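Have a look at the structure below before the remarks.
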Amino acid sequence: MDILIVGSGGREHAIAEAVRKSPAAGRIYCAPGNAGIGLIAECVPIGAMEFDKLVDFSKEKGIGLVIVGMDDPLVGGLVDEFEKAGIPAFGPRKNAAILEGSKAFSKDLMKKYGIPTAAYETFDNAGEALSYLETAPYPIVLKADGLALGKGVLICNTFEEAKDGVDEIMTKKKFGDAGNRLVIEEFMTGREVSVLSFTDGKTILPMTSAQDHKRAGDGDTGLNTGGMGTFSPSPFYTKEIDEFCREKIFQPTVDAMRKEGREFKGVIFFGLMLTKDGPKVLEYNARFGDPEAQVVLPRMKNDLLEVAKACIDGTLDRVDLQFEDNAAVCVVLASDGYPVSYEKGFPISGLERFDEAEGYYCFHAGTKKAGDKIVTNGGRVLGITAKGATLKEARANAYKATEWVEFENKYMRHDIGKAIDEA
Ligand code: AMP
Ligand code: GLY
């Protein structure tokens, strides 16, 4: 069966790597892909939002399964377009991807079905949001309703900060229409954990847990980024917490979506905060996380294509999802200056040192081919993943492997997975 993967980041590289291991995989295409994906799949110069071209290409090539990695095309309804053309596609339809596409929708869903999350109010109007903020408790959290490249969440310590936030999001429309509505949410404290899960709309199978590091600098300082590194599993996600989440969060979410006539098939990513009052949902995503996929998929024992097919066919109850009893750490190598401004086009050396069989992976994010070289082409350039018997070993291995690769302006955090020392 020939496969098309839609997307171009480290997550899509990890998906391609997992697909490649499947005996059922024929040719693997990726649109638009990147230089690293191009080493194991055929990159196709079609953008993730060019729905007609993606469908035409898939018809022409007789694609047997499409895997959509990114949020924008899912929220925009790409899976529906493939379905209309009779091509199986892994991921939620538009009416289900709204779980990620609208924070107001997801908050209302959680409230209606009693799924634990932070208290909130929704506003369509900047004036009303401001009067609410005048007497609200601080810190407080502002969230643009729609997709905002992971940057639509502001934690405000004072009314002044919140006022500026409302101005940026709702008045100046920094994130475009994503800021037409604003969710104002109670500030929660605790450890964060990401749990990705497969679902066919009825059955939900959680994958192993992971934790991301969103801030740019060591010690969780600096600006929010797409993610600077991950580790898996999270030692803070205990068996008791897992049982609670399965019963009170995971299954209720899938059931709620079905009851709303929005059956969700694909990956639900639960962003959780482990508060002193128990686990609560910070956010839902409708896809694999990036860079969570880079530590979760390399540890998965199952054939990704089989699991994806079971989600589409509604037979996930027959799948026994299993992960290796080890750990993985991913350290993102970025271009200095990310996420604000950075240079591109520097040649990358050392890429050939990585051997998956030894538990080392170099997932490409912002790279491209320039002649016979591979050069930097984005803020997040590579995700260096290593496995180990324990998290500490995986972390030591990952940091060792970050030294194998060189490019000008290489930047990374030095404390990915450091939190595990406290576990
Ligand atoms: P999100 O895009 O919803 O995951 O938000 C980005 C980050 O903002 C999360 O990973 C948290 O660190 C933080 N955050 C979001 N909502 C809250 C909240 N209610 N309380 C505290 N921190 C939050
Ligand atoms: N790593 C967070 C995300 O993929 O949204």
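The values are calculated or read from the model by the stated rules, or taken from the named source; none is laboratory data. Keep in mind it's a predicted model, so treat the numbers as computed, not measured. Here the Cβ positions follow ideal geometry from the backbone for every residue, glycine too, while neighbour counts run over all protein chains shown. With ligands, DNA and RNA removed, areas are computed over all heavy atoms of the protein, side chains included. Shrake-Rupley method; radii C 1.70, N 1.55, O 1.52, S 1.80 Å.
Against the definition (part of a loop (DSSP other than H, G, I, E, B), more than 16 Å from ligand 2 (Cβ to nearest atom) and of a type outside the set (Val, Ile, Thr)), how does Arg258 come out, yes or no? No; evaluated as a whole, the condition is false for this residue. When restricted to residues that are touching a strand residue (DSSP E or B) at 6+ places or on another chain (Cβ under 8 Å) and in contact (Cβ under 8 Å) with a residue 24 or more places away in the chain, the range 146-173 contains 9. For Lys301, are the conditions met, namely being modelled with pLDDT of 95 or more, more than 16 Å from the chain's Cα centre (by Cα), away from ligand 1 (no atom under 15 Å from the Cβ) and within 27 Å of Leu382 (Cβ to Cβ)? Yes: the conditions hold for Lys301. If you go through the range 268-295 and keep only what is β-branched (Val, Ile, Thr) and within 11 Å of ligand 2 (Cβ to nearest atom), you end up with just Val295. Remark: pairs (first residue in the range 43-70, more than 22 Å from Ala14 (Cβ to Cβ); second residue modelled with pLDDT of 95 or more and of a type in the set (Phe, Trp, Tyr); Cβ separation under 8 Å; 6+ apart in sequence or on different chains) = Val55/Phe82; Phe57/Tyr29; Lys61/Tyr29.
Screening the candidates Met228, Met257 for the property of being surrounded by 23 or more Cβ atoms within 10 Å (Cβ to Cβ) and more than 16 Å from ligand 1 (Cβ to nearest atom) yields one hit, Met257. Contact annotation: residue pairs with Cβ atoms under 7 Å, 6 or more positions apart or on different chains, pairing a residue in the range 338-349 that is on the phi > 0 side of the Ramachandran plot with a partner that is of a type in the set (A, V, I, L, M, F, W, C) and at pLDDT 95 or above, are Gly345/Val375. Comparison of Thr203, Thr171 shows that the only residue that is open to solvent by 30 Å² or more (accessible area, probe 1.4 Å), within 24 Å of the chain's Cα centre (by Cα) and either at pLDDT 95 or above or over 20 Å from Ala119 (Cα atoms) (or both) is Thr203. With respect to (1) without any contact (Cβ under 8 Å) to a residue 12 or more places away in the chain; (2) of a type in the set (D, E, K, R); (3) open to solvent by less than 10 Å² (accessible area, probe 1.4 Å), the lone exception for Glu12 is condition (1).
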